[in-house]
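Here the structure is laid out as structure tokens; the discussion comes afterwards.
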């Protein structure tokens, strides 16, 4: 998710990014055994669409928390995205939890974002 909303932000403005991943718990029968899986997001690779990127262990958060922000330096259209890396643990028949070797990275879909410039305007107050 991107804040401000509506697919627009400003040059030199701290644009807020956050993801809303959820852990996944699953129970399956495999070869006559009950296998439980606990899958959690572990890392987020933010690609801001202007050649800049950042890796975080946290998914960011909505405003007013500004955990993952990016400042665009030029106007134009960009397509930011976030790739989420997941790790997992498992157990068989209620036994001890064990790590699943490796991780899986799910690429995020790019979102269209227009970076605009703002022109300040002086406004006079009428006397009256």
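Values in this text are rule-based calculations from the coordinates and carry no lab data. What you are looking at is a predicted structure, and each value in this text was computed from that prediction instead of being measured. Cβ coordinates were reconstructed from backbone atoms using ideal geometry, including for glycine residues, and neighbour counts include every protein chain displayed.
Can you compute the FRET efficiency between residue 1 and residue 29 using 1/(1 + (r/R0)^6), with r the Cβ-Cβ distance and R0 = 22 Å? Round to the nearest 0.05.
The calculated FRET efficiency here is 0.05.
For region 73-128, what ratio Rg/Rh do Cα atoms give with a Kirkwood hydrodynamic radius?
Using Cα coordinates only, the ratio equals 1.50.
With each label point set 7 Å from Cα along the Cα-Cβ vector, what nm distance links residue 93 and residue 74?
Placing both labels 7 Å beyond Cα along the Cβ direction yields 6.3 nm.
Rounded to the nearest 0.05, what FRET efficiency do residue 63 and residue 111 give with R0 = 22 Å and r taken as the Cβ-Cβ distance? Could you check?
Plugging the Cβ-Cβ distance into 1/(1 + (r/R0)^6) gives 0.85.
Binning at 10 Å from 0, report for the chain what percent of all alpha-carbon pair distances ends up in each bin.
All Cα pairs considered, the percentages come to 12, 32, 22, 16, 11, 4, 2, 1, 0.
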